[in-house]
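**Q** Please read through the structure below; I'll follow up with questions.
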Amino acid sequence: MRIGVTGLARAGKTVLLTSIAAALSAPGALGGRIRRAAVAPAGADALPRFDQAAHLAALAATPPRWPARTDTVSLLALDLELAPFRLPTGALPPRRVRLELLDYPGEWLLDLPLLSLSFADWSDSVLRRLERPELADAARGFLGFAAALPAQAAADEALAASGHRLYVATLTRLRDAHGLSLLQPGRFLMPPPGPAAPWMAFFPLRGTSPLAGLLRRRYDAYVAATRDALLSPSFGRIDRLVVLADLLGALHTGPDAFADAQAALGAASSALRWQGDWLQTVASLAALRLPPRVIRRVAYVASKADHVSERQRGNLAALMGALTGQADARISSRGRDRSFAVAAARCTEDFVWTLDGHPVSAVRGRLLGDERLTRSYPGEVPDRPPGREFWSHPFLALPAFEPARLPDGGRGGVPQIGLEAMLGFLLEDLL
Ligand SMILES: Nc1nc2c(ncn2[C@@H]2O[C@H](COP(=O)(O)OP(=O)(O)O)[C@@H](O)[C@H]2O)c(=O)[nH]1
Ligand SMILES: [Mg+2]
């Protein structure tokens with residue numbers, strides 16, 4: 001069984017995989033339904049391995065550290081021994097299952113909508129967005145370059161390369177300075193390992209110039225490669241998916257970042273919802289290949305939920321549900337999707353704080369490099385996309401907490417919130 005874990009950079013994928021593996025390996029895991037779990041040897045698989053030992057050692061260090069930054073894909077394989085099914089005639093032998101968790105960049109899933117967009121339509125929608133007044137500043141260099149191109153610009157390599165460089169710089173700025181997430185193509189911000197293919201050098205451009213023709217051919221090659229990657233053994237074999245998003249971070253960054261995270265989650269969830277359809281199309285295009293398995297369960301997870309108290313975490317899960325179409329009976333994929341609020345490495349405890357004479361449910365934890373406990377109350381989490389009045393009282397800072405101290409090198413698991421409910425949903429038919 002292969003579970004894909006996806007989310008944009010810093011969403012919390014590495015910490016989640018580390019915590020899942022530690023939880024499944026702890027004695028009495030999932031109410032005793034898992035007897036034993038061991039990280040499987042790398043075997044002959046071409047995918048890089050997820051370095052579980054190093055990531056868990058970081059969390060278990062004194063003082064604890066967050067796991068080092070990772071990028072691109074990696075695979076964590078666990079050999080599980082499950083408690084036997086019991087029949088009236090006696091117990092069956094224990095069952096053995098190989099559970100694989102694939103750490104998959106969410107930036108790559110943002111390319112799903114491109115599969116059904118022509119270069120002209122894609123260019124037009126990207127440029128219209130960049131031309132909006134609130135983004136025009138960040139995009140000025142690139143937009144100026146595109147505007148200065150003659151209507152019949154030649155299919156010139158140097159032009160294509162300069163435009164590409166300016167476009168990638170704009171995407172990077174929109175991510176780092178504006179907190180935006182719907183930035184396409186995702187592989188421009190999270191390149192696959194290995195040397196970049198020459199057709200990666202494109203950018204959105206309107207018109208019918210020879211240059212636009214060259215860029216269109218490159219865009220088409222990019223879309224074809226994206227399609228192939230979705231059919232490849234690494235992604236094609238995924239049959240359950242965790243989509244992780246730092247919604248609290250987006251609420252904190254502000255209305256534009258939040259609206260953008262909403263658009264990105266909406267785009268990814270609708271592309272996944274129609275997966276049945278587009279996979280059939282893709283499969284027929286890629287004749288002679290087996291169609292990939294259809295994803296049977298999707299958990300949409302709001303990460304770092306330990307920044308807010310228990311009362312707020314229900315709202316956080318509801319907000320995630322609202323952003324991914326689960327509240328809408330017309331489009332929800334009955335039973336296949338569910339939303340959760342999870343802290344894979346819980347740093348805080350809940351407590352009641354009296355602010356201006358009013359009790360509020362807050363949290364407290366240690367900041368990185370600080371021995372004392374720090375209190376935090378970022379604000380009320382809305383249970384649906386918030387209206388304008390919400391943004392007049394901005395969501396307060398999210399302190400950089402230190403992970404909780406782990407006894408016994410983490411062999412008993414990592415303190416967490418909501419992880420078991422999420423695993424129970426994903427593994428229901430197995431347990
Ligand atoms: N408070 C809190 N912070 C978290 C949690 N999980 C991740 N983080 C923070 O988010 C950062 C990025 O997490 P990481 O797993 O490396 O993200 P990735 O880029 O998606 O793999 C970490 O370094 C932590 O600072 C959590 O459960 N609680
Ligand atoms: Mg990572």
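The values are calculated or read from the model by the stated rules, or taken from the named source; none is laboratory data. Nothing here was measured: the structure is a model prediction, and the numbers come from that model. Heads up, the Cβs are rebuilt from the backbone with ideal geometry, glycines too, and the neighbour counts pull from every protein chain shown.
**Q** Could you list, in sequence order, all residues of segment 381-408 that are of a type outside the set (Val, Ile, Thr), crowded, with 16+ Cβ neighbours inside 10 Å and under 15 Å from Ala250 (Cα atoms)? If you could, list the steps in order and put the result at the bottom.
**A** Let us first name the residues in segment 381-408 that are of a type outside the set (Val, Ile, Thr), namely 382-408.
Those still in the list that are crowded, with 16+ Cβ neighbours inside 10 Å too: 382-383, 386, 390, 395, 398-399, 401-404, 406.
Hits for segment 381-408 are Pro382, Asp383, Pro386, Phe390, Phe395, Leu398, Pro399.
**Q** With the condition being in contact (Cβ under 8 Å) with a residue 12 or more places away in the chain and under 19 Å from the mean Cα position of the chain (by Cα), I'd like the strands (runs of 3 or more DSSP E) fully within segment 26-126 carrying at least 1 qualifying residues.
**A** Details: elements: 34-39, 74-82, 95-105.
Those strands (runs of 3 or more DSSP E) span 74-82, 95-105.
**Q** If you go through segment 381-416, how many residues are of a type outside the set (Phe, Trp, Tyr) and under 23 Å from Ala261 (Cα atoms)? Give the steps one after another, and end with the answer.
**A** Step one: list which residues in segment 381-416 are of a type outside the set (Phe, Trp, Tyr), which gives 381-389, 392-394, 396-400, 402-416.
When the remaining residues are screened for being under 23 Å from Ala261 (Cα atoms), the result is 381-389, 392-394, 396-400.
Counting residues in segment 381-416 that are of a type outside the set (Phe, Trp, Tyr) and under 23 Å from Ala261 (Cα atoms) gives 17.
**Q** Keeping to segment 220-236, report how many residues are closer than 18 Å to Ala271 by Cα and in contact (Cβ under 8 Å) with a residue 24 or more places away in the chain.
**A** 11
**Q** Among (1) under 28 Å from Asp306 (Cα atoms); (2) at pLDDT below 95, which single condition is Ala91 missing?
**A** If we test Ala91 against (1) under 28 Å from Asp306 (Cα atoms); (2) at pLDDT below 95, just (1) comes out false.
**Q** Looking at segment 16-73, which of the residues that are under 28 Å from Gly236 (Cβ atoms) and among the β-branched types (Val, Ile, Thr) is nearest to ligand 1 (Cβ to nearest atom)?
**A** Thr70
**Q** Here's another thing I want to ask about it. Within segment 133-165, count every residue that is under 26 Å from the mean Cα position of the chain (by Cα) and either of a type in the set (A, V, I, L, M) or not assigned by TED's automatic domain parsing to the domain that holds Gly213 (or both). If you could, list the steps in order and put the result at the bottom.
**A** Filtering segment 133-165 down to residues under 26 Å from the mean Cα position of the chain (by Cα) leaves 134-135, 138-139, 164-165.
Keeping just the survivors that are either of a type in the set (A, V, I, L, M) or not assigned by TED's automatic domain parsing to the domain that holds Gly213 (or both) gives 135, 138-139.
Selection size over segment 133-165: 3.
**Q** Which of the residues that make up segment 48-74 are closer than 12 Å to Pro407 by Cα, of a type outside the set (A, V, I, L, M) and surrounded by 17 or more Cβ atoms within 10 Å (Cβ to Cβ)?
**A** The one that is closer than 12 Å to Pro407 by Cα, of a type outside the set (A, V, I, L, M) and surrounded by 17 or more Cβ atoms within 10 Å (Cβ to Cβ): Pro64.
**Q** Let me ask another. From the list Arg405, Arg338, Arg366, which residue is touching a Ser or Thr at 6+ places or on another chain (Cβ under 9 Å), of a type outside the set (A, V, I, L, M, F, W, C) and outside any loop (DSSP other than H, G, I, E, B)? Before the answer, list the steps.
**A** Details: Arg405 fails: outside any loop (DSSP other than H, G, I, E, B); Arg338 fails: touching a Ser or Thr at 6+ places or on another chain (Cβ under 9 Å).
Unique residue meeting the criteria: Arg366.
**Q** Now a separate question. Quick check, is Phe85 aromatic (Phe, Trp, Tyr) and away from ligand 2 (no atom under 16 Å from the Cβ)?
**A** Values: aromatic (Phe, Trp, Tyr): yes; away from ligand 2 (no atom under 16 Å from the Cβ): yes.
Yes: the conditions hold for Phe85.
**Q** Also, I was wondering about something else. For residues in segment 94-128 being of a type in the set (S, T, N, Q) and touching a Leu at 6+ places or on another chain (Cβ under 8 Å), which is modelled with the highest pLDDT? Give the steps one after another, and end with the answer.
**A** Filtering segment 94-128 for residues of a type in the set (S, T, N, Q) gives 116, 118, 123, 125.
Pick out the ones that are also touching a Leu at 6+ places or on another chain (Cβ under 8 Å) and you get 123, 125.
Values: Ser123: 98, Ser125: 94.
Checked segment 94-128; the qualifying residue modelled with the highest pLDDT is Ser123.
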